[in-house]
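Enquirer: Got a structure for you, questions after.
The values are calculated or read from the model by the stated rules, or taken from the named source; none is laboratory data. No experiment lies behind these values; they were computed from the predicted model shown. Virtual Cβ from ideal backbone geometry, glycine too; neighbours counted across all protein chains shown.
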Amino acid sequence: MNTLKDLFYHMHWADAKVWAAVLTYEAAAADEKIGNLFYHIHSVQRAFLAVWTQSPIALPKREQFVSMQQIADWGRTYHAELPSVLSNFTTEDLDQIVSVPWSRFMEKQYGHKPEDTTMHETMHQVVMHSMYHRGQVNARLRELGGEPPMVDYIGWLWFGRPAHEWM
């Protein structure tokens with residue numbers, strides 16, 4: 001569980017660093033592609049949180065966010081909620097099979113029935129999925145002439161596992 005928590009702490013730090021870079025660079029802060037990527041990142045984070053807590057999945061529509069700052073604030077609330085949720089899980093909980101409502105689309109899309117996945121595996125998925133799309137945000141930031149922050153996991157470790165710093 002400690003490694004998993006580290007991955008979530010890193011994700012929080014990295015999300016905050018990339019958001020800071022985006023929000024302080026005018027071209028990025030107005031870029032629809034970056035807004036859509038971050039909306040997707042935070043939607044997936046929230047959807048899996050609902051699965052883990054057996055709560056209804058209720059996501060706002062992309063159109064409901066009129067500014068990039070609103071998407072950032074929404075992402076920040078996820079990260080604020082996550083530590084207390086994680087602290088309630090035991091090792092046994094992490095080994096439990098979870099039902100991911102949208103997994104049935106895999107069979108339709110790829111012709112393969114999804115295998116069972118555990119809570120731990122889906123948590124790992126959220127971290128990896130966020131990292132993948134955060135990389136796309138950073139690539140887009142560079143395309144727009146901005147400077148993406150260094151948010152590698154190893155960098156976070158070498159920096160001494162710093163806490164997140166939201167703007």
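Enquirer: Restricting to region 1-35, count the residues that are within 24 Å of E143 (Cβ to Cβ) and outside any helix (DSSP H, G or I).
Expert: So the count comes out to 4.
Enquirer: Additional query: Kindly list, by first and then second residue, each pair from a residue in region 146-160 that is under 16 Å from L7 (Cβ atoms) to a residue that is part of a loop (DSSP other than H, G, I, E, B), limited to pairs with Cβ atoms under 8 Å and residues at least 6 apart or on different chains.
Expert: Listed by first residue and then by second, the contacts come to W156/P162.
Enquirer: In region 43-73, which residues are aliphatic (A, V, I, L, M), more than 21 Å from T24 (Cα to Cα) and surrounded by 14 or more Cβ atoms within 10 Å (Cβ to Cβ)? Full working, then the answer.
Expert: At the first step, the residues of region 43-73 found to be aliphatic (A, V, I, L, M) are 44, 47, 49-51, 57-59, 66, 68, 71-72.
With more than 21 Å from T24 (Cα to Cα) added as a condition, the list becomes 44, 47, 49-51, 57-59.
Selection gives V44, A47, L49, A50, V51, L59.
Enquirer: Sticking with this one: Tell me which residues, restricted to region 63-119, are of a type in the set (F, W, Y) and either in a helix (DSSP H, G or I) or over 22 Å from A20 (Cα atoms) (or both).
Expert: To start, the set of residues in region 63-119 that are of a type in the set (F, W, Y) comprises 65, 74, 78, 89, 102, 105, 110.
Hits for region 63-119 are W74, Y78, F89, W102, F105, Y110.
Enquirer: Got a sec? Which of T3, T24 is surrounded by fewer than 18 Cβ atoms within 10 Å (Cβ to Cβ), more than 15 Å from F89 (Cβ to Cβ) and of a type in the set (V, I, T)?
Expert: Exactly one residue qualifies, and that residue is T24.
Enquirer: Just to verify a result, which residue in region 151-167, among those that are under 24 Å from Q70 (Cα atoms) and not small (G, A, S), is surrounded by the most Cβ atoms within 10 Å (Cβ to Cβ)? Before the answer, list the steps.
Expert: Looking only at region 151-167, we keep the residues that are under 24 Å from Q70 (Cα atoms), and these are 151, 163-167.
Remaining after also requiring not small (G, A, S): 151, 164-167.
Working: V151: 21, H164: 18, E165: 9, W166: 16, M167: 12.
Top of the filtered list is V151.
Enquirer: Starting from residues that are in contact (Cβ under 8 Å) with a residue 60 or more places away in the chain and among the hydroxyl-bearing types (S, T, Y), keep the ones in region 120-145 and report whichever is surrounded by the fewest Cβ atoms within 10 Å (Cβ to Cβ).
Expert: In the first step, residues of region 120-145 are kept if they are in contact (Cβ under 8 Å) with a residue 60 or more places away in the chain; the result is 120, 122-127, 129-131, 133-134, 136-138, 140-141, 144-145.
If we keep only those that are among the hydroxyl-bearing types (S, T, Y) as well, we get 122, 130.
Numbers: T122: 17, S130: 23.
In this case the residue turns out to be T122.
Enquirer: Something else: Confirm whether R76 is surrounded by 14 or more Cβ atoms within 10 Å (Cβ to Cβ), within 25 Å of G35 (Cα to Cα) and charged (D, E, K, R).
Expert: Details: surrounded by 14 or more Cβ atoms within 10 Å (Cβ to Cβ): yes; within 25 Å of G35 (Cα to Cα): yes; charged (D, E, K, R): yes.
When the stated conditions are applied, R76 passes them.
Enquirer: Being assigned to a helix (DSSP H, G or I), within 16 Å of I71 (Cβ to Cβ), at pLDDT 95 or above and of a type in the set (F, W, Y) is the requirement here; does F38 meet it?
Expert: Numbers: assigned to a helix (DSSP H, G or I): yes; within 16 Å of I71 (Cβ to Cβ): yes; at pLDDT 95 or above: yes; of a type in the set (F, W, Y): yes.
Judged against the criteria, F38 is a match.
Enquirer: Continuing with the same structure: Of all the residues that make up region 134-167, how many are in a helix (DSSP H, G or I) and farther than 19 Å from N36 by Cα? Break it down into steps so the answer makes sense when it comes.
Expert: Taking region 134-167 as the starting set, the residues that turn out to be in a helix (DSSP H, G or I) are 134-143, 153-158.
From the residues that got through so far, the ones that are farther than 19 Å from N36 by Cα too are 153-158.
Residues that pass the stated criteria total 6.
Enquirer: Within region 99-113, can one find any residue that is surrounded by fewer than 18 Cβ atoms within 10 Å (Cβ to Cβ) and under 30 Å from E147 (Cβ atoms)?
Expert: no
Enquirer: Of everything in region 72-119, what is within 10 Å of W52 (Cα to Cα), without any contact (Cβ under 8 Å) to a residue 60 or more places away in the chain and among the hydrophobic types (A, V, I, L, M, F, W, C)? Give them in sequence order.
Expert: Hits for region 72-119 are V85, V98, V100.
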